[in-house]
Structure formats: C-alpha cells, structure tokens
Amino acid sequence: MSDSGKGGNVAQVVLETQGNIAYINFDHVAARNAMTVGMYQSLKSICEDIAKNPKIRVAILRGAGGKSFISGSDIAQFASFKDGQDGIRYEEGIDDYLGPLATLPISTIAIVDGMAVGGGLAIASCCDFRISTPEAKFGVPIAKTLGNCLSAANVAWLVAHLGINIVKRMLLLAEMISAPELLKQGFLLATYEQDQLGHEADVLAERLSKLAPITQKSSKLVLARLIKNNLPDCNDLISETYGSHDFKNGVAAFLKGEPPIWTGN
C-alpha cells in the first residue's frame, strides 16, 4: 500500500480496522498528503476489499499529520505528459480509482483538518459525510496553478454535492472556500476543533452502524447512479487542455516554485 513519493518520502494509504469500522489514512505528510499514482491504486484496492467484507459497516478517511486531508495529486507525474491523450488517460484513471470509493456499499466519513484540494476535494466529495475544523479550506485552484481540467464525471460529482455556483467559484475563480460557508451550504455535516474530530467521527460511525445496511446501500447507490447517468463525452475539451502550451508551462512553473504565465495557447 505504499510507494516512494517525491524526494524519497514514503507515500502510502493505510487501512486499519476496529470492530466494524475501517480507518483509511492517507500518509504522505512531506507533500501535505498529495496523492501519488500508487496511493490512488491503493485506495481503489482498499475500497474493493472493504466492499467484500460484510463485517465492516462504516469507513472513516483521514489525512496524516493534522495539517491537510489531501492537498491534491502529485504534480511531478505531469512533467512526462506529451499531449492531450495523456490527459484523457489520466482523468479516466482518476475516475477509475475513485469509483470504488464513491460506490462503497457502506457509509463513509471524511475527516478534514487543514485542506482538501483537487483530488482531495474529489475524495472528500465521494464520502457520504464530511466533518472538518472551522479553519479547513476546500477547492480546485487549477486555473491559478497548473492550467489543467477535470473529467465530466468529476465535475458532475462536485456540482451534485456543492452546487454549480460554488463549483464555478472553485474552477473559474480558483477560490478556496471556507468550512463555515460549506457548513451552511450543507456540504459539511459539522465542524469541530481538531482534537474532537476523531471522537466525533467515531460517534457518527456508531450511529450509522446501527441503521439498516441494505437501505443505506440502496439509497447511496441510487444517488450515485443518478449523478453519473448520461454523462457527456468531454474528451475533446480534456485533450485540448492537457495538450495546451499553458498546461506545460503551468506544470514547469509549479515544479520550479514560480508563478505561471498564461498565454491562452
């Protein structure tokens, strides 16, 4: 469940079980828990295994280190992209990695302390419930950082959970949205101080574990199928974006720690 992250740091997704609760921890602290390909693959495998285990009733997901849930995807991988087809394959891969989480037949809880950015926001959105610290931030600031885009499935999922106006602010304005606003909007179930998050997640998990599991499964999977029903083919837009000069410059600038210069090409 681990691989070597940027700079030789171990990047891993760790599964622990206690009773009927599964704890999924994202551990890549040196990179604020940025997801490597290996971590995405581990998350998919873990979720597939959990789905086959009738003893597990709830899964709780959390980032290690107490400062970030997940800060996005590991940017270094984008340096090897040659054209728009690489972007299409990457976005299809993300959809494939996150599918087993979104369609787990049990309830899932994301604990967000710090930030949930990019892939981290997608993973948090795939969970049924989210709790966070009041200071947590959420967003997909790719219009400011890399100049890439998201798949139709990813955007549809975010819109279903956040609403189109907030998603536009995230994607077009590159805004990071605060926890208090998302609590009022309903994306967050509750906010707590950091030292309370683990306990409150366990309390919520206990409540969920006492309810009818087949009803929970049917209800959440019906909702998931509604969101993904009749998605349009947007590969032309993904190919144009990932094949652009702006994307290549955005990745190079990010890896150098410099601000990108957008040309529209």
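Each reported figure results from applying straightforward, stated rules to the coordinates on display, with no laboratory input. Keep in mind that this is a model prediction, so the values were computed, not measured. Ideal geometry is used to build each Cβ from the backbone, glycine not excepted, and the neighbour counts take in all protein chains shown.
A few points about this structure:
- Cross-link partners for residue 82 among the lysines, with Cα-Cα distance under 18 Å and sequence neighbours closer than 8 places in the same chain left out: 248.
- Descending semi-axes in Å of the stretch 107-265, equivalent ellipsoid built from Cα gyration tensor: 32, 20, 12
- Ranked 210, 44, criterion: other C-beta atoms within 10 Å, fewest first: 210, 44
- Reachable lysines from residue 137, criterion Cα separation under 19 angstrom, eight or more residues apart if same chain: 67, 168, 184
- Under 13 Å from residue 144, Cα to Cα: aspartates and glutamates that are on another chain or at least 8 residues apart: 175, 246, 258
- Helix 37-51 axis, angle to the chain major axis (alpha carbon atoms, nearest 10°): 30
- Cα convex hull, the stretch 1-105: 90 Å³ per residue, rounded to a whole number.
- Put in order of Cβ neighbour count within 10 Å, fewest first, the listed residues 47, 234 become 234, 47.
- Computed over Cα pairs, the Kirkwood radius of the stretch 2-194 leads via Stokes-Einstein (1.567 mPa s, 4 °C) to a diffusion coefficient of 78 µm² per second.
- Per-residue Cβ neighbour rank within 10 angstrom, fewest leading, 219, 73, 209: 219, 209, 73
- Helical runs (DSSP H, four residues minimum) scored at -39500 (n - 2.57) apiece and divided by the length of the chain put the mean residue ellipticity at 222 nm at -14000 deg cm²/dmol.
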